[in-house]
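The values are calculated or read from the model by the stated rules, or taken from the named source; none is laboratory data. Because the structure is a prediction, the values reported are computed rather than measured. Cβ coordinates were reconstructed from backbone atoms using ideal geometry, including for glycine residues, and neighbour counts include every protein chain displayed. Protein only, heavy atoms only, side chains kept; ligands, DNA and RNA dropped before computing areas. Shrake-Rupley method; radii C 1.70, N 1.55, O 1.52, S 1.80 Å.
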Amino acid sequence: MDVRTLCLGALTLGDATGYEIRKMFEDGVFSHFLEASYGSIYPALTRLTEEGLVTCHSEQQEKRPDKKIYAVTAKGRTAFTEALLEPLAEDKFRSEFLFVMLFAHLLTPERVKGLIDEKLSEHKELAERLSGPADIGTPAADFIKDFGAVVHQASVDYLEKNRHKVEAIAGAPSSRAHAPQQDEDAAPSASPDKNKDRRQKELARIR
């Protein structure tokens, strides 16, 4: 979804400033779903206002610049509902943790153990947080919250059950497939007799 649609979705939950919308995507109700950068939110709000999908009014603040508060219009709600009917993009999963684990054979056991402990703590914290009351004001909020809690708990279960596999790889001697190839000049040469036998066998095979 584009940032315009994300902003409309945020405003269907209530009027908000650009800063408040940004916080929703950084560490608020939308942080688990999608990303919207600071530099893209404000231009999107400007375009939405120009198109009549959003209204904006200023509110005075003591000793501070006026803040702009945005609200979705009826036209904007219709546009948002229509956007929800569009085909969805495939979910994407990115993980620096898994990338590093791919090269666990290059790391010390202490490093791998520490990374797994950190990731376990992260998933446990998120699973526990999502087990509390939903902080999204829609009827389907509990469904979404519980889905997230299950995903994080599954990650905890997997790491606890399988961490020994990757910990055993860390610091272990590299397999032949990953071992650095010897320099040709440094490689021990075959004995003259062996070379002679090899050439004779090759000649016999060719004949």
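Some notes on this structure:
- In the stretch 129-156, the qualifying residues are those that are open to solvent by 80 Å² or more (accessible area, probe 1.4 Å) and not in a helix (DSSP H, G or I), and the one that is modelled with the highest pLDDT is P139.
- Applying a threshold of 8 Å to beta carbon distances and a minimum spacing of six or more residues, or different chains, the list of pairs starting in the stretch 135-149 at a residue that is within 13 Å of V29 (Cβ to Cβ) and ending at one that is open to solvent by 50 Å² or more (accessible area, probe 1.4 Å) and modelled with pLDDT of 85 or more reads I136/L13; I136/I144; G137/L13; T138/L13.
- Set L159, L126, L88: member being closer than 24 Å to E35 by Cβ, open to solvent by less than 70 Å² (accessible area, probe 1.4 Å), at pLDDT 85 or above and hydrophobic (A, V, I, L, M, F, W, C): L126
- Of the residues making up the stretch 18-31, not a single one is part of a helix (DSSP H, G or I), in contact with a helix residue (DSSP H, G or I) (Cβ under 8 Å, 6 or more places away or on another chain), free of Cβ contacts under 8 Å to residues at least 24 places away in the same chain and small (G, A, S).
- If only residues of the stretch 95-110 that are open to solvent by 70 Å² or more (accessible area, probe 1.4 Å) and within 14 Å of G171 (Cα to Cα) are counted, the one that is nearest to the chain's Cα centre (by Cα) is L102.
- Cβ-Cβ distances below 6 Å connect the following pairs, each with a first residue in the stretch 80-101 that is farther than 13 Å from M1 by Cβ, a second residue that is surrounded by 10 or more Cβ atoms within 10 Å (Cβ to Cβ), and a separation of six or more residues or different chains: F97/K119; M101/V166.
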